[in-house]
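Student: Would you mind keeping the following structure in view while I ask a few things?
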Amino acid sequence: HHGHPSLPSADEHFGGSMETNVVLRSDGHIMWDSPAITKSSCKVDVSYFPFASFYIFNLLLPCIMVSFLAPLGFYLPADSGEKVSLGVTVLLALTVFQLLWAESMPPSESVPLIGKYYIATMTMITASTALTIFIMNVHHCGPGARPVPPWARRLILHHMARLCCVYEVGESCKSPQRALGGRGVWGDAGGAAESAAPGGGRCPWDHCLCHHDALVRNVGYIAGCFRRHRANQRRTGEWKKVARVMDRFFMWVFFLMVFLMSVLVLGNAA
């Protein structure tokens, strides 16, 4: 006896008749062994996939450690030039871990918890790198930059600086007159000229250099240049302080985000 088996299976190329033996028992039972290779499919829920302990140590812990490195990019000094490269390196490291995780993962429709964690962390690191680029632009404002607006000075240099414990802000608040220490430059020069005169009186017209118009004009020009240079320096210094405060603020924000995400994932897994 031979026939065509009509069993439900996941294999499209199924069928074909083969001559097989039929065992006929005395009590009327007939046993027919039909040789066939069948493929069956079943739905797999992989939401909590990587939490046996092997995967926790090999995939999850490195990811958490690497993602805690990302906010430290804000702590790096802007002059080091390594801020953006740290963010990109962390992103690449996470991509490698995600590829490793995806290879050992059974294919399924549901996204596992660790997948969501990786995607969220990578999004966060991308955002932090973009923010770092913006802050670097603020830090490297040239001498042609506009002065810091009053609202930014009040919000960032005072409130946010106090909030983020950046204490070295505000050292340039001293006015240049007080910084020079009492008498102005011209007062000192006048005093020197008076004391240099013979007999203690004012110096005669032809012997004293301070009556030459060209010299006075040149000294005034040099003093003006120096004053402008100091003002530019103060302006760029203020922008650098703004960048430093923003760096510190975003570092704490992103640390908090990484911490909350890690706690959420581990809590859901538990």
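The values are calculated or read from the model by the stated rules, or taken from the named source; none is laboratory data. A quick note: this is a predicted structure, and the numbers were derived from the prediction, not measured. In this analysis, Cβ positions are derived from the backbone assuming ideal geometry, glycine residues included, and neighbour counts consider all displayed protein chains. Heads up: the accessible areas ignore ligands, DNA and RNA and are worked out on the full protein's heavy atoms, side chains in. Shrake-Rupley method; radii C 1.70, N 1.55, O 1.52, S 1.80 Å.
Student: Somewhere in region 91-105, is a residue assigned to a helix (DSSP H, G or I), open to solvent by 40 Å² or more (accessible area, probe 1.4 Å) and closer than 19 Å to Met251 by Cβ?
Tutor: Yes, the conditions are met somewhere in region 91-105.
Student: A follow-up question, please. Assess whether Ile114 counts as being modelled with pLDDT of 85 or more, β-branched (Val, Ile, Thr) and not in a loop (DSSP other than H, G, I, E, B).
Tutor: The answer is no for Ile114.
Student: When you scan region 53-64, do you find a residue that is modelled with pLDDT of 85 or more and open to solvent by less than 90 Å² (accessible area, probe 1.4 Å), even just one?
Tutor: Within region 53-64, the first condition is being modelled with pLDDT of 85 or more, and the residues that meet it are none.
For region 53-64, residues modelled with pLDDT of 85 or more and open to solvent by less than 90 Å² (accessible area, probe 1.4 Å): absent.
Student: Here is a follow-up. Could you list, in sequence order, all residues of region 236-255 that are under 15 Å from Ala145 (Cβ atoms) and surrounded by fewer than 18 Cβ atoms within 10 Å (Cβ to Cβ)?
Tutor: Looking only at region 236-255, we keep the residues that are under 15 Å from Ala145 (Cβ atoms), and these are 236-243.
Matches in region 236-255: Thr236, Gly237, Lys240.
Student: Let me ask something else about it. For region 121-136, which residues satisfy the criterion of being closer than 22 Å to Lys241 by Cβ and open to solvent by less than 30 Å² (accessible area, probe 1.4 Å)?
Tutor: Matches in region 121-136: Ser128, Thr132, Ile135.
Student: While we're looking at this one, here's another question. Within the set of pairs 6+ apart or on separate chains, which have a first residue in region 147-168 that is closer than 13 Å to Met246 by Cβ and part of a helix (DSSP H, G or I), a second that is modelled with pLDDT under 80 and basic (Lys, Arg), and C-beta atoms under 8 Å apart?
Tutor: Hits for this filter: zero, empty list.
Student: Could you check region 69-90 and list, in sequence order, the residues that are open to solvent by 80 Å² or more (accessible area, probe 1.4 Å) and under 12 Å from the mean Cα position of the chain (by Cα)?
Tutor: Tyr75, Glu82, Thr89
Student: Are any residues in region 224-270 within 16 Å of Val138 (Cβ to Cβ) and under 16 Å from the mean Cα position of the chain (by Cα), and if so, which ones?
Tutor: Result: Ala243, Arg244, Val245, Met246, Asp247, Arg248, Phe249, Phe250, Met251.
Student: Same structure again: Taking the condition of a type outside the set (S, T, N, Q) and over 30 Å from Val138 (Cβ atoms), does Ile64 pass? Show your work before the answer.
Tutor: On the way: of a type outside the set (S, T, N, Q): yes; over 30 Å from Val138 (Cβ atoms): yes.
Considered against the rule, which asks whether it is of a type outside the set (S, T, N, Q) and over 30 Å from Val138 (Cβ atoms), Ile64 comes out as yes.
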